[in-house]
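The structure appears right after this line, and notes come after that.
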Amino acid sequence: MKRRASKRTAAYVGLLAAAFAAAMLASWAFGRPLDNAAYDYWFRLYQPRPWQTQSAILEIDEASLVKLGGMRHIRKPLADGLRLVAAARPAAVAVDVILTDEGDAAEDRALEEAFRETPNLALVSLFQGDPVRWEDPKPEFGRWAKAIGHAYAQPDESDSVTRSIPLEMRAARDRRWALALEAFRLSRGQPITESVSLAAGGSASEIQVGDVAIPVIPSGGNVAAGALMRIRYLPPGRGVPSVALADLLARPALAARFAGKVVFAGVTAPSMLDRLFTPYAGGQTISGIRIHADAFETMAQRMFLPDVPMVWTFLFSLALAIAAGLAFRYLPGWWAYAGGGAVVATAMVTPYVFFAHQRVLPFASPVFSAWLAALAAAGFYHLVVRRDWRTEQSARERYQQAMHFVTHEMRTPLSAIQGSSEMISRYALPEEKRKQIALLINSESKRLARMVEIFLNVERLTAGHMELKHETIPVAEMVEACIARVRPLAERKHIAIELEPIPAGLEIAGDRELMEYACYNLLTNAVKYSPQRSTVTVAGWRDHGHIRIAVRDQGIGLDQKEAKQIFQKFYRTRKAEESGEAGTGIGLSIVQQIVEQHGGAIEVVSQPGEGSCFTLALPAAASAASATAAERH
Ligand code: ADP
């Protein structure tokens with residue numbers, strides 16, 4: 001019983017481990033889209049407390065382009081706009097407009113003048129492939145810039161949503177920091193430093209500006225991009241305030257909005273550039289300049305969203321799988337399912353709680369792990385425990401039936417004894433009759449005693465409390481005695497019992513009474529489960545140091561599956577039940593117990609409808625072995 005339980009626990013643990021491994025594999029193989037979807041969902045769900053933005057946008061929108069002569073003539077109005085901005089004393093100005101090529105001389109001069117007046121100016125370089133290099137703004141512009149950054153975002157390869165920007169980008173050995181990062185450090189008047197962070201497992205570096213440490217996540221496929229920073233986008237409608245260039249030029253007083261701010265100037269006109277998806281998206285897009293501004297705000301507010309270290313994600317997922325396993329192992333009934341549900345809910349909600357606390361815990365890995373473990377555990381308990389319960393149930397039913405039968409059986413000899421004894425006491429019967437009745441009482445009470453004995457013996461045998469006698473049993477004699485006892489039963493059905501000659505000197509060692517019971521039981525079964533006028537054959541022979549006793553019949557037989565079950569207590573085949581023969585289904589289990597206690601075995605070969613052959617294989621008595629040795633000489 002104990003062995004079975006521990007075996008089952010091992011199977012259960014194995015199953016859970018497999019479920020966990022499958023979950024890890026699944027989240028590794030196709031968890032990414034799910035992680036992304038969850039991340040975007042949290043973005044929409046979680047509204048950070050509103051903050052006072054430290055940046056503002058000077059946008060070259062569609063209306064400005066139309067009014068100011070298009071992109072080709074933008075440098076002059078941009079120059080005018082920047083002058084107004086500069087006069088309002090901004091903290092820094094980042095211009096995301098490509099200024100690498102030669103323009104109209106007068107316009108370029110005007111822009112150069114404006115740049116000269118602009119404090120903490122940052123411009124952008126263009127990444128060029130073939131050969132890979134940075135193309136900086138014209139020197140006339142570049143010389144006024146305190147920093148030259150890059151203006152690239154990193155849309156996710158799988159769904160094109162921009163969740164992060166690379167803080168650094170390399171063209172060959174030449175590196176540019178992100179425009180937003182440059183604007184941030186200019187506004188803080190601090191340099192950018194790098195360090196390897198042990199907290200992130202040493203794999204990712206940390207970028208530091210003054211006392212602000214920016215945790216970074218390793219970049220994915222893009223080799224040029226490094227040190228990704230997730231952007232804590234401002235909710236739509238509460239974004240960084242902006243002023244259109246055309247409006248600023250028309251109403252210079254609007255420049256006051258840029259006072260003390262970090263200004264991002266760039267194009268927002270949809271016709272001019274690809275616009276990018278944000279987690280808020282829902283089909284809506286955002287301009288590059290807004291992404292810079294939001295990235296800047298992320299740094300300025302320190303609203304970073306670093307990853308939870310991988311090992312913690314793994315341990316959390318593992319803990320969930322274990323919790324699901326424990327729930328189904330130890331909680332009773334429906335509580336187990338409630339517990340499993342709670343584990344799954346924890347898996348689904350915890351990453352969001354982390355997100356609200358500015359940590360990104362993957363969604364797929366804990367959720368897969370919780371679901372698979374809970375399903376596996378539920379399945380296991382549903383199938384295995386239910387099955388056990390059913391077996392137990394049917395064993396109990398069979399036991400009740402047996403008890404029913406036993407009491408019924410006992411009633412017959414009891415009432416015979418009762419009736420007979422009454423007769424003796426009431427009537428003056430002739431001596432002859434009294435003797436007859438006394439004999440009947442005697443035989444009936446013996447039968448009763450035998451029945452009780454057998455039932456007690458089974459229990460004791462099963463519990464291993466029974467002491468076996470060690471006798472030498474001559475096989476031929478024992479078999480003949482059993483046949484003699486069965487004969488009346490066989491004759492009623494006109495069944496012939498044939499005994500093949502058993503060699504003299506065949507002896508087994510053991511408890512004679514029990515052996516006889518075993519042998520007798522096979523014989524009664526053969527007679528019970530055979531049709532009228534058939535033959536039962538009994539044989540005994542020596543086989544490799546064992547003695548074999550076989551009882552063959554031409555009866556109802558059994559199939560393979562039944563052959564395995566008939567040795568269970570109280571099991572009866574359907575055919576046996578239908579045969580109308582009384583039985584408890586306990587006989588063969590006793591026979592098996594007896595034989596095994598003697599170091600032997602019972603075998604059955606049978607065909608439904610053709611007949612069965614039950615064979616006992618028993619160790620030969622020591623004296624018998626020497627007898628054979630003598631025989632051979
Ligand atoms: P019982 O005979 O009281 O039912 P047993 O334990 O002796 O119980 O046998 C168990 C079952 O095995 C029987 O009910 C019957 O279905 C099957 N069985 C036993 N012996 C035979 C046989 N010789 N032929 C066919 N079926 C048998």
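Brief remarks follow.
- Efficiency of FRET from Cβ geometry, Glu397 and Lys433, R₀ 45 Å, rounded to 0.05: 0.50
- Surface/4 estimate of mean projected area, convex hull on alpha-carbon atoms of the chain, nm²: 49.7
- Order by protection proxy (mean Cβ within 10 Å, highest first), peptides 179-186, 264-271, 317-324, 124-131: 179-186, 317-324, 264-271, 124-131
- FRET efficiency for Val132 and Ser158, using Cβ-Cβ distance with R0 set to 35 Å, rounded to 0.05: 0.90
- Surrounding net charge for Tyr381, when Lys and Arg each add one and Asp and Glu each subtract one, Cβ distance under 13 Å: +3
- Straight-line cross-link reach from Lys575 at under 24 Å between alpha-carbon atoms covers these lysines, not counting any fewer than eight positions away in the same chain: Lys493, Lys528, Lys561, Lys564.
- For the pair Arg175 and Val385, label points projected 7 Å from Cα toward Cβ lie 5.7 nm apart.
- Helices in the chain, meaning DSSP H runs of at least 4 residues, each add -39500 (n - 2.57). Divided by all residues, the mean residue ellipticity at 222 nm is -16500 deg cm²/dmol.
- Cross-link partners of Lys433 among aspartates and glutamates (Cα-Cα below 15 Å; sequence separation of 8 or more within a chain): Glu422
- Sorting 31-39, 83-91 by average packing, meaning the other beta carbons within 10 Å per residue, from highest down gives 83-91, 31-39.
- A Förster radius of 51 Å combined with the Cβ-Cβ distance from Lys7 to His494 puts the calculated FRET efficiency at roughly 0.55.
- Sorted by Cβ density within 10 Å, fewest first, the residues Arg116, Arg173, Arg572, Arg329: Arg173, Arg116, Arg329, Arg572
- Overall, the chain carries a charge dipole of about 1440 debye about its Cα centre when +1 sits on the Cβ of Lys and Arg and -1 on the Cβ of Asp and Glu, all other atoms neutral.
- When the alpha carbon coordinates of the stretch 217-336 are projected onto the principal axes, the ranges are 75, 37, 31 Å, largest first.
- Mean Cβ neighbour count within 10 Å, used as a protection proxy, ranking 140-151, 374-385 highest first: 140-151, 374-385
- When each of Trp541, Trp134, Trp177, Trp389 is scored by the number of other beta-carbon atoms lying within 10 Å, the sequence from fewest to most is Trp389, Trp541, Trp134, Trp177.
We did not get these values from a lab; they are worked out from the coordinates using the rules stated. As the structure is a prediction and not an experimental result, all values here were calculated from the model. Please note: Cβ atoms are built from the backbone with ideal geometry, for glycine as well, and neighbour counts cover all protein chains shown.
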